[in-house]
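J.: If you scroll down you'll find the structure; I have some questions about it.
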Amino acid sequence: MSDQLIYSGKAKDVFATDNESELLMVYKDQATAFNGERKEQIPGKGKLNCQISSYIFDYLIKNGITTHLVKNVSDHEQLVLKTELIPVEVVLRNKIAGSFARKFGLDEGKNLQKPIIEFYYKSDELDDPFINDNQIESLNIATEAELTYIKEQTLKINQLLIKLFSQDDLDLVDFKLEFGRVDGKIILIDEFSPDNCRLWDSQSHQSLDKDVFRKNQADLVETYTKVLNRLEGAK
Ligand code: UDP
């Protein structure tokens, strides 16, 4: 395999491969918070996120969602389809938490009447500003039809994941997805791990996600291991 680094992100590096239509995604042991202001090396984190994300993507694929995942090539590396990234972070919220609670001066924890979808423009320089549907369309980031499809897919993924996590006594509070284009089709890309979602224990409401790192509440590796063990049914 060729080892040309084509992108280095906060949590993953992406390399070209000998196959033009595939990339190698390598999960890093790096944790960041507050748009990269806080950065720490946490041995074992990359492997855990790769395993959790693989488990979730496999489940979504089995349930009819098209994703970029081709296969895992090691415990911290995945072969994925090369797509044209749509530079939008798609956030879905089931409960009030995080920036939504801060923005509207609300306590965390209440269920929202129905899931909310928000878009953020992917730009570290601009600190990922909020962007609405009209802005996305007029900046030619995605078409109206593409946005409709992205929202439908996000709601479908939410229903599937609420079901999956509830079997493990976990409440899916909110999460962030990314999408890419390949052969004219929009597919789910990136990862799904406790780095980009909020998961609360259904009984204790304790966080089992990156908030433990953001708020210095608990050990990240121990927390993510609990999530993986619950998913794999070894509670
Ligand atoms: N999120 C993410 N990447 C970001 C921003 C948010 O993965 O750059 C995830 C975050 O982990 C949470 C959800 O999106 O699960 C909603 O995040 P929120 O807007 O509440 O922001 P935060 O409180 O995390 O700053």
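To keep it simple, each residue is scored yes or no on (1) closer than 14 Å to Ser53 by Cβ; (2) under 15 Å from the mean Cα position of the chain (by Cα).
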{"residue": "Val173", "(1), (2)": "no, yes"}
{"residue": "Ser193", "(1), (2)": "yes, yes"}
{"residue": "Asn216", "(1), (2)": "no, no"}
{"residue": "Thr225", "(1), (2)": "no, no"}
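J.: Kindly indicate whether any position in segment 70-77 is in contact with a Gly (Cβ under 9 Å, 6 or more places away or on another chain), hydrophobic (A, V, I, L, M, F, W, C), more than 26 Å from Glu222 (Cα to Cα) and open to solvent by 60 Å² or more (accessible area, probe 1.4 Å).
T.: no
J.: Right, something else. Residue by residue through segment 181-214, note down the ones that are assigned to a strand (DSSP E or B), away from the ligand (no atom under 16 Å from the Cβ) and either in contact with a strand residue (DSSP E or B) (Cβ under 7 Å, 6 or more places away or on another chain) or open to solvent by less than 30 Å² (accessible area, probe 1.4 Å) (or both).
T.: Filtering segment 181-214 for residues assigned to a strand (DSSP E or B) gives 181-182, 185-189, 197-201, 207.
Those still in the list that are away from the ligand (no atom under 16 Å from the Cβ) too: 181-182, 185-187.
Passing the criteria: Arg181, Val182, Ile186, Ile187.
J.: So which residues in segment 1-41 are within 16 Å of the ligand (Cβ to nearest atom) and either part of a loop (DSSP other than H, G, I, E, B) or of a type in the set (Lys, Arg) (or both)?
T.: Gly9, Lys10, Ala11, Lys12, Lys28, Phe34, Asn35, Gly36, Glu37, Arg38, Lys39
J.: Tell me, which residue of segment 78-129 that is under 25 Å from Ile52 (Cβ atoms), in a loop (DSSP other than H, G, I, E, B) and within 11 Å of the ligand (Cβ to nearest atom) is least open to solvent (accessible area, probe 1.4 Å)?
T.: It comes out as Ala97.
The values are calculated or read from the model by the stated rules, or taken from the named source; none is laboratory data. In this text, all values refer to a predicted model and were calculated from it rather than measured experimentally. No Cβ is skipped: glycine too gets one built from the backbone with ideal geometry, and neighbour counts run over all protein chains shown. Ligands, DNA and RNA are stripped out before the accessible areas are found, and what is left, the full protein with its side chains, is counted by its heavy atoms. Shrake-Rupley method; radii C 1.70, N 1.55, O 1.52, S 1.80 Å.
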